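One structure is given here, and the rest of the page talks about it.
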Amino acid sequence: MSKEITIYSKSNCPYCVRAKMLLESKGVTYTEINVQDHPEEKENMIRRSNGGKTFPQIVIEDLHIGGCDELYELDKFKKLDTILGLNSKKVEREHHKLVIIGSGPAGYTAAIYAGRANLKPVLFTGNEKGGQLTTTTDIENFPGFPEGINGVDLMLSMEKQAKKFETKIIFGEITKIDLSKRPFTIYVGKKVHTSDSVIVATGATARYLGIPSEREYKGRGVSACATCDGFFFKGKDVAIVGGGDTAMEEASYLTNLCNKVYLIHRRETFKASQAMQDRVKNNPKIEIIYNSTVEEILGDKVEVNQLKLRSTVNEATSTIDIAGLFVAIGHTPNTSFLDGQLSLDGNGYLLVNDNTSKTNIPGVFSCGDVIDSNYRQAITAAGSGCKAAMDAEHWLEKNR
Ligand code: FAD
Ligand code: NAP
């Protein structure tokens, strides 16, 4: 008998979309309660999720699963199917000419080019369908959109364009890949795929501070996505940590919702572009705290109420009262599923041969943020996706 699944969500919440995609990929049905449209359900959600104050919150029967990350973690450790009551052992296989791994600007651009070259590409979205841009609001620097474009809308357009050229898009995360012999073997959930060539476009994932209290309060006041969870901190004081473009952008965004935003940075100069810095410095609702790190997140076990900071100049400690902390300290390239089969640089980015997308294994190409520790922009990712598809097409032609 199917289990009763409730997902508490809000509008414009990429993590809610991701959680729903995973449930849909399992073929289960769920009840979605949009708490923005039904504010009377807010208290019910907080009660059923043991104080959870981020979106989404997922409850299966009476079992509180947590948010999107917890749902995916259960799936990763093969526990979700059991909780959902799905336990088929059948393994299916399919062969393709080209598999693209990743659904960010790099992956979708590779798919558009490969599709037009009649390679009938198969693209695996990964857990973050649409990639990093789905966690942000307006993109003002992607050419062709003089008024700017919402990140989710941009990625949906790329998906539509890839589908137009017959890309088969499969929601799923590659857990293992065997590149030791051709055809390459790709494992996704219970299914096995083989492919003559592969494009790795797996991008990068948000980093956390790694302090113990961060894990304790993740989802209860600590978040890496201001556009998703800022909603919960309307009218409150919050902090954001980081000194790059993401921190600047999210700090500005939060001022639309919150009373005050502290921006905490470990140095006294920012890594962010000058335009983004200026926007933050000129915003009266943002107070910048330079030369400081977050030492501890303090709260009453249910909610965050304070941060303990430490000066990087004289080691002095101080506290600030806040209701939420947003972590915006960069990303780690997603290469762990490759299990060391492709060459990486010292920071874990995939290495490609000069000005091409060719990795150290013939037939395997890479593009986007996963090869780029320097530019990491949507347009550079898209450009390198084009190169990867063209390289794959030439290679397949030569190695028919
Ligand atoms: P990503 O967008 O990171 O996509 C990677 C894809 O790989 C995802 O779909 C993921 O699900 C998938 N994946 C990962 N592991 C696996 C796996 N094992 N199996 C299958 N799939 C997998 N850039 C700009 O140019 N302008 C901006 O305004 C801008 N704003 C930004 C705002 C924020 C908050 C952030 C974080 C970044 C922003 N960027 C911006 C940078 C931009 O988002 C990235 O440069 C771009 O998304 C990189 O594209 P990508 O395709 O390489 O990777
Ligand atoms: P980033 O540029 O790598 O910046 C990370 C910031 O976090 C740095 O300031 C770093 O400090 C700080 N940091 C790292 N680890 C830390 C730790 N453990 N504790 C405290 N602080 C820590 O990352 P990003 O801001 O996410 O940007 C990633 C890429 O996306 C960039 O290329 C950026 O240009 C792009 N992006 C573009 C836009 C846009 O154009 N509108 C918007 C967002 C992002 P240090 O400075 O001391 O190293």
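The values are calculated or read from the model by the stated rules, or taken from the named source; none is laboratory data. Quick caveat, the model's predicted, so the values are computed rather than measured. Neighbour counts run over all protein chains shown; Cβ positions are idealised from the backbone, glycine included. What goes into the accessible areas is simple: the full protein's heavy atoms, side chains included, and nothing from ligands, DNA or RNA. Shrake-Rupley method; radii C 1.70, N 1.55, O 1.52, S 1.80 Å.
Computed values, structure above
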{"quantity": "Value of Rg to Rh for region 260-340 (Rh from inverse mean 1/r over Cα pairs, i.e. Kirkwood)", "calculated": "1.06"}
{"quantity": "Cβ charges +1 (Lys, Arg) and -1 (Asp, Glu), total dipole of the chain, debye", "calculated": "1080"}
{"quantity": "Label-point gap, in nm, between Thr194 and Lys160 - each point 7 angstrom along Cα→Cβ", "calculated": "3.8"}
{"quantity": "Pair His38, Lys3: separation of 7 Å Cα→Cβ label points (nm)", "calculated": "2.0"}
{"quantity": "Whether region 100-141 is rounded, prolate or oblate, judged on the alpha carbon gyration tensor where a/c under 1.5 counts as rounded", "calculated": "oblate"}
{"quantity": "Selected from Ile7, Val28, His38, residue furthest toward positive end of dipole (region 3-43; charges at beta carbon)", "calculated": "Val28"}
{"quantity": "Per residue, in Å², the accessible surface of the chain once ligands and nucleic acids are set aside, probe 1.4 Å", "calculated": "49"}
{"quantity": "Largest-first ordering by accessible area, 1.4 Å probe, given options Val313, Val192, Val17", "calculated": "Val313, Val17, Val192"}
{"quantity": "Carbon plus sulfur fraction of accessible area for the chain, probe 1.4 Å, in percent", "calculated": "48"}
{"quantity": "Surface/4 of the Cα convex hull for region 74-163, nm²", "calculated": "7.8"}
{"quantity": "FRET efficiency, Ala275 to Thr312 (Cβ-Cβ, R0 25 Å, nearest 0.05)", "calculated": "0.45"}
{"quantity": "Cα Rg, Dmax (largest Cα-Cα span) when computed across the chain, Å", "calculated": "21.8, 65"}
{"quantity": "Paramagnetic label zone (point 7 Å from Cα along Cα-to-C-beta, Glu397; backbone N under 19 Å) in region 101-145", "calculated": "110-121"}
{"quantity": "Selection from Gly383, Asn314, Gly172 lying farthest towards where the dipole of the chain points positive, charges on Cβ", "calculated": "Gly172"}
{"quantity": "Extension gain from Gln341 to Lys26, taking 0.36 nm per residue of separation minus the Cα-Cα distance", "calculated": "110.4 nm"}
{"quantity": "Filter on Lys26/Lys163; Lys168/Lys234; Lys76/Lys218; Lys20/Lys176; Lys26/Lys358 - keep pairs with C-alpha separation over 30 Å", "calculated": "Lys168/Lys234; Lys26/Lys358"}
{"quantity": "Magnitude of the charge dipole, region 1-66, Cβ model with Lys/Arg +1 and Asp/Glu -1, debye to 20", "calculated": "260"}
{"quantity": "Region 182-297: mean projected area of Cα convex hull, nm²", "calculated": "10.5"}
{"quantity": "Whole-percent pair-distance distribution, where bins are 10 Å wide, for the alpha carbons of region 5-84", "calculated": "20, 58, 21, 1"}
{"quantity": "Lys, Arg +1 and Asp, Glu -1 on Cβ, resulting dipole of region 212-327 about Cα centre, debye, nearest 20", "calculated": "100"}
{"quantity": "Cα-based convex hull volume of region 155-218 per residue, rounded to whole Å³", "calculated": "158"}
